[in-house]
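Q: Mind having a look at this structure? Questions to follow.
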Amino acid sequence: MDDTGGADTEVLRLQREIDAQIVGPTLVDRLRRTADEHGDLPALSRRVAGADGTGAEWETLTWAQYRRAALETAAGLIAYGLRPGEVVALMLPNRPEHLVADMGAVHAGGVPLTVYATFPPEQVEFVAADCGAAAAVLQGADELERWRPALERLPRLRTVVLLDAGAVPAGPGPGGTAFVSWAELRRTGGERYAADPAAVHERADALGPQDTATLLYTSGTTGRPKGVPETHRQVLFQAATTLRANDLPLGGSSVSYLPLAHIAERILSVYLPIQVAGHVHFCPDPAELGTYLGLVRPHALFGVPRVWEKLQSRLAAALDAAPDEQRMAMAEASETARAYLEAGQYGRTRGPELERSFAETDAAVLAPIRALIGLDRCTSFTTAAAPISEETLRFYSGLGVLLRDVYGMTENCGPATVNRPGAYKFGSVGRPCDGVEVATAPDGEILVRGPVNTAGYLNRPDDTAALYCGDGWLRTGDLGSVDDDGFVYVLDRKKELIITSGGENIAPAAVESRLTEHPLIGQAMACGDGRPHAAALLTLDAEAAPGWALAQGLGETDPAVLAAHPDVLAEVERAVDAANARLARAHRVRRWRLLPGEWTVEGGELTPSLKVKRRVVQRKYADAINGLYAG
């Protein structure tokens, strides 16, 4: 193992410094302080139909109202029997009630758990049984149907709350479960809190930094989801380190659109805003992100690579349709911006002429373009969860956008490494976050140590034991390296490494990122384990393909039809050749297959965090894969 001894004095100093910055050992303390100091600032907003039934307007809770709603919700949960330490499961879209229920559970001494809305009934039952959920707060009839098969087999689930009052069933559930509307829970809680606030405050004040603040389940890439408890200290420490690595203003705006069952969205939409009295705007459908960016003009934006790629496709199409003069000006400005960001990497210097040229170009050309898509106020652009293609990085660099890779996992309560605005290297996932250490084992596995690490998995002693390798070092399951400047590079998942029949080791993520650099290719999965060479399954980008087809005069825009069109296949062949030219000979894709449709969460091929479930794809497309090696 490389450099994995005791924590050095600088790391310990940073940990003490961050602990002092947190000010208050629990989320309860932090929310109280924010509400006291910034109670009139907006906290949570969602779009609702206008008073006249047309258009839409923002409905907003201030920080003082948010805290009061959480306290009253806590009183309601206590009234319906929630005991300290019990789990409250949430299956709700991104909306203010989600956070109110979450923080209500915390103030009642309970543990909130957001369940992925895409989990099928059998996974819902497994998660609810595994954590012993005592209450569930659901959106409406669709969510209730997903829970209903499990109700008679979940004796500890005593209360089910539904936001849609019209979906509340008459009478108790099959196991005696009580059904209640959100409005009734809130009414009861309001009355109970007004009559006896001490009942809630005693629960909340009893919490300590090592108590569980939330429970998350992994998205099930390699099997059944595993429960990961995160403590109050963990989430507050992570929010503080995230703030130290990003320039975010007091009261800054953000868009909440990714699943709140994912640790990244929880840090950015639940915990970080409490630190900066941020204004969270809820986008209930990720497909509407582009619209919400224009409405909100956020100060920060995080997205997995697929999100950035989709935004790129839309913006690239709009730029391509601009008049020739504007496109030429944009092309020239983009080259200046790319040179500026390239020269800003760690260890390099920018000359004064480049500084001046970029400032002028950015103000005259690039900033107005960013404003068109609502990114004029954004100072923090980050991505994680999978490698992002060089072509996508190059595109955003050409807009003057520094798209920074970060790296972490649920077990780290979010980021463990980060590229900072003043210290970044393209191709890396940055250096360790403040107070966190990163090293590599002899086999190249990345190890993490620090206050962000979970103590272990819920009800999984064997998995917990395997998670650590001694001295507090957590095994990430990823292979990578650390350079002399401390920047971390991720190769691929250790379990997903492809070993060909000839003994060649291939990191599929590196192959896939090259393939998806072409705008026509939306998704790629490399295969070849135990086979003589690498091959790949590909899908078209459903947004880019129709525009490309129209530009080529094909007269067809349906991606499913285009996937079999000879002109499309010829272009994809050129894209594969271009990718192969940048890969080592043993890693090159010898054969490939273009599938008629994209992989989706609903189809089961992607996790809720948009990672490819390789086992599922391999099983569903076994015939296609075998065909790549036939003959």
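Q: For GLY50, work out the one condition from (1) within 21 Å of HIS279 (Cβ to Cβ); (2) modelled with pLDDT under 95; (3) crowded, with 17+ Cβ neighbours inside 10 Å it doesn't fulfil.
A: GLY50 satisfies all of (1) within 21 Å of HIS279 (Cβ to Cβ); (2) modelled with pLDDT under 95; (3) crowded, with 17+ Cβ neighbours inside 10 Å except (3).
Q: Can you find, within region 262-305, the residue that is surrounded by the fewest Cβ atoms within 10 Å (Cβ to Cβ) among those that are part of a helix (DSSP H, G or I) and of a type in the set (Gly, Ala, Ser)?
A: Filtering region 262-305 for residues that are part of a helix (DSSP H, G or I) and of a type in the set (Gly, Ala, Ser), the one surrounded by the fewest Cβ atoms within 10 Å (Cβ to Cβ) comes out as ALA287.
Q: Now, a different point. Of the residues that make up region 580-592, is at least one within 20 Å of LYS495 (Cβ to Cβ), in the same structural domain as MET525 (by TED's automatic domain parsing) and surrounded by 19 or more Cβ atoms within 10 Å (Cβ to Cβ)?
A: The answer is yes; a qualifying residue exists.
Q: Condition first: assigned to a loop (DSSP other than H, G, I, E, B) and surrounded by 19 or more Cβ atoms within 10 Å (Cβ to Cβ). Now tell me which residues in region 602-620 satisfy that.
A: The answer is GLU605, THR607, SER609, LEU610, LYS613.
Q: While we're on this one: Scan region 443-488 for residues that are free of Cβ contacts under 8 Å to residues at least 40 places away in the same chain and polar (S, T, N, Q) and jot them down.
A: If the condition is that a residue be free of Cβ contacts under 8 Å to residues at least 40 places away in the same chain and polar (S, T, N, Q), then THR464 is the only one that fits.
Q: Considering only residues that are aliphatic (A, V, I, L, M) and touching a strand residue (DSSP E or B) at 6+ places or on another chain (Cβ under 9 Å), look in region 371-384 and name the one that is nearest to GLY430 (Cα to Cα).
A: Filtering region 371-384 for residues that are aliphatic (A, V, I, L, M) and touching a strand residue (DSSP E or B) at 6+ places or on another chain (Cβ under 9 Å), the one nearest to GLY430 (Cα to Cα) comes out as ALA384.
Q: Return the total of residues in region 574-613 being within 18 Å of HIS533 (Cβ to Cβ) and either touching a Ser or Thr at 6+ places or on another chain (Cβ under 8 Å) or charged (D, E, K, R) (or both).
A: 8
Q: Restricting to region 30-86, name every residue that is assigned to a loop (DSSP other than H, G, I, E, B) and either at positive phi or touching a Ser or Thr at 6+ places or on another chain (Cβ under 7 Å) (or both).
A: Scanning region 30-86 gives GLY39, ASP40, LEU41, GLY53, GLY55, TYR80, GLY81, GLY85.
Q: Among the residues of region 61-84, which ones are in contact (Cβ under 8 Å) with a residue 40 or more places away in the chain and in contact with a strand residue (DSSP E or B) (Cβ under 7 Å, 6 or more places away or on another chain)?
A: TRP63, ALA69, LEU77, TYR80, GLY81, LEU82
Q: For region 236-254, enumerate the residues that are out of contact with any Ser or Thr (no Cβ under 9 Å at 6 or more places or on another chain), crowded, with 22+ Cβ neighbours inside 10 Å and among the aliphatic types (A, V, I, L, M).
A: ALA239, ALA240 - these are the residues of region 236-254 that are out of contact with any Ser or Thr (no Cβ under 9 Å at 6 or more places or on another chain), crowded, with 22+ Cβ neighbours inside 10 Å and among the aliphatic types (A, V, I, L, M).
Q: Which one of these is touching a Phe, Trp or Tyr at 6+ places or on another chain (Cβ under 6 Å), of a type in the set (Ser, Thr, Tyr) and either outside the structural domain of LEU515 (by TED's automatic domain parsing) or within 22 Å of ARG314 (Cβ to Cβ) (or both): THR382, THR361?
A: Criteria check complete, one pass: THR382.
Q: From ARG404, ARG420, which residue is touching a Gly at 6+ places or on another chain (Cβ under 8 Å), within 24 Å of GLU17 (Cα to Cα) and among the basic types (Lys, Arg)?
A: Of the residues listed, the single one that is touching a Gly at 6+ places or on another chain (Cβ under 8 Å), within 24 Å of GLU17 (Cα to Cα) and among the basic types (Lys, Arg) is ARG420.
Q: Within region 542-579, which residues are under 30 Å from LEU491 (Cβ atoms) and either of a type in the set (Phe, Trp, Tyr) or part of a helix (DSSP H, G or I) (or both)?
A: Matches in region 542-579: ALA544, GLU571, VAL572, GLU573, ARG574, ALA575, VAL576, ASP577, ALA578, ALA579.
Q: While we're looking at this one, here's another question. Output the residues belonging to region 412-434 that are buried (at least 24 other Cβ atoms within 10 Å of the Cβ), over 10 Å from GLN238 (Cα atoms), of a type outside the set (Ser, Thr, Tyr) and touching an Asp or Glu at 6+ places or on another chain (Cβ under 8 Å).
A: Answer for region 412-434, where residues must be buried (at least 24 other Cβ atoms within 10 Å of the Cβ), over 10 Å from GLN238 (Cα atoms), of a type outside the set (Ser, Thr, Tyr) and touching an Asp or Glu at 6+ places or on another chain (Cβ under 8 Å): ASN419, VAL429, GLY430.
Q: May I pose another question? Could you tell me whether GLU309 is buried (at least 21 other Cβ atoms within 10 Å of the Cβ) and closer than 22 Å to ALA542 by Cα?
A: yes
Q: Is one or more of the residues making up region 244-252 within 18 Å of the chain's Cα centre (by Cα) and at negative phi?
A: Yes, the conditions are met somewhere in region 244-252.
Q: Answer with yes or no whether GLY502 is over 30 Å from PRO432 (Cβ atoms) and either free of Cβ contacts under 8 Å to residues at least 24 places away in the same chain or crowded, with 19+ Cβ neighbours inside 10 Å (or both).
A: In short, no.
Q: Is it the case, given these coordinates, that ALA333 is surrounded by 17 or more Cβ atoms within 10 Å (Cβ to Cβ), more than 28 Å from TRP58 (Cα to Cα) and small (Gly, Ala, Ser)?
A: Yes, satisfied.
Q: Do you know which residues across region 150-178 are loosely packed, with under 12 Cβ neighbours inside 10 Å and either in a helix (DSSP H, G or I) or within 30 Å of the chain's Cα centre (by Cα) (or both)?
A: Selection gives GLY166 alone.
To keep it simple, each residue is scored yes or no on (1) within 22 Å of VAL111 (Cα to Cα); (2) under 24 Å from the mean Cα position of the chain (by Cα).
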{"site": "THR34", "(1), (2)": "yes, no"}
{"site": "LEU61", "(1), (2)": "no, no"}
{"site": "ARG68", "(1), (2)": "yes, no"}
{"site": "LEU71", "(1), (2)": "yes, no"}
{"site": "ALA79", "(1), (2)": "yes, no"}
{"site": "ARG83", "(1), (2)": "yes, no"}
{"site": "ARG95", "(1), (2)": "yes, yes"}
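Q: Contact list please: Cβ distance under 9 Å, first residue in region 253-270 and basic (Lys, Arg), second residue in a helix (DSSP H, G or I), pairs at least six apart or on different chains.
A: Between residues of region 253-270 that are basic (Lys, Arg) and residues that are in a helix (DSSP H, G or I), the close pairs are ARG266/ASP102; ARG266/VAL235.
Q: Continuing with the same structure: Given the criterion at pLDDT 95 or above, among the hydroxyl-bearing types (Ser, Thr, Tyr) and touching a Leu at 6+ places or on another chain (Cβ under 8 Å), identify the matching residue among THR188, THR159.
A: Result: THR159 is the single residue among THR188, THR159 that is at pLDDT 95 or above, among the hydroxyl-bearing types (Ser, Thr, Tyr) and touching a Leu at 6+ places or on another chain (Cβ under 8 Å).
Q: Now, a different point. Quick check on GLY344: is it surrounded by fewer than 15 Cβ atoms within 10 Å (Cβ to Cβ) and of a type outside the set (Asp, Glu)?
A: So GLY344 does not fit the description; no.
Let's see how each residue does on (1) buried (at least 24 other Cβ atoms within 10 Å of the Cβ); (2) assigned to a loop (DSSP other than H, G, I, E, B); (3) acidic (Asp, Glu); (4) modelled with pLDDT under 95:
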residue	(1), (2), (3), (4)
VAL88	yes, no, no, no
ALA105	yes, no, no, no
LEU113	yes, no, no, no
GLN123	no, no, no, yes
ALA129	no, no, no, no
VAL137	yes, no, no, no
ARG148	no, no, no, yes
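The values are calculated or read from the model by the stated rules, or taken from the named source; none is laboratory data. Keep in mind the model is a prediction, meaning the values are calculated, not measured. Neighbour counts are summed over all protein chains in view; Cβ atoms, including those assigned to glycine, are modelled from backbone coordinates with ideal geometry.
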